[in-house]
Amino acid sequence: MFEPWLLDVLLRWHAADPVGDKERQRNEAIFAIQRNRNPYVDHPEYVEMIWGKADGTMCDMVTSVSTTMSPAIRCYPSPAHDLLRFTEISLGDIRVYDLAGRLVMQASSLENGELAIDQLAAGQYLLHCEETISGQQVVLRFGKF
């Protein structure tokens with residue numbers, strides 16, 4: 001994890017120097033060879049969602065499904081220690097990914113509007129789940145200490 005001062009410098013640098021054509025062309029060339037992409041070039045807004053102050057807010061990082069952008073569904077506190085709480089309790093098929101995209105935890109549903117995360121290491125995570133009433137896919141970001 002970055003020191004707070006360094007993260008602040010990197011976030012300011014990112015805001016001051018937006019992605020340009022040369023970076024997009026390089027991303028395409030790398031994709032042609034390696035079949036992987038730099039998500040920060042394709043979606044610069046992810047920088048703030050992952051590294052910035054957008055904790056517990058919605059993002060559309062899972063682009064293969066329709067994601068809800070409802071601000072009503074949030075997770076808190078972030079960072080959390082042992083339990084993550086939610087403003088919406090009808091969430092199911094819960095999957096937690098680290099920032100390298102590895103699935104690190106799964107749960108079929110919440111228990112009393114909470115998810116136990118004590119087994120996770122400190123860091124930043126993305127939580128993908130389904131709002132069971134509407135069927136909408138939801139992606140939330142949270143931190144653990």
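The values are calculated or read from the model by the stated rules, or taken from the named source; none is laboratory data. Everything numeric here is computed off the predicted structure, so don't read it as measured data. Backbone-built Cβ (ideal geometry, glycine too); neighbour counts: all protein chains shown.
When the residues of segment 1-22 are narrowed to those that are at pLDDT 80 or above and not in a helix (DSSP H, G or I), which ends up surrounded by the most Cβ atoms within 10 Å (Cβ to Cβ)?
Ranking the candidates gives 19 first.
Determine whether segment 109-130 contains at least one residue that is of a type in the set (A, V, I, L, M, F, W, C), modelled with pLDDT under 90 and farther than 19 Å from residue 49 by Cα.
No, because not a single residue in segment 109-130 is of a type in the set (A, V, I, L, M, F, W, C), modelled with pLDDT under 90 and farther than 19 Å from residue 49 by Cα.
So, in segment 70-85, of the ones that are within 15 Å of the chain's Cα centre (by Cα) and part of a strand (DSSP E or B), which residue ends up modelled with the highest pLDDT?
Result: 84.
Taking segment 88-138 only, how many residues are over 17 Å from the mean Cα position of the chain (by Cα) and under 13 Å from residue 74 (Cα atoms)?
Matching residues across segment 88-138 total 5.
Hey, can you tell me all the residues within segment 96-145 that are within 26 Å of residue 47 (Cα to Cα), in a strand (DSSP E or B) and among the small types (Gly, Ala, Ser)?
123, 143, listed by residue number.
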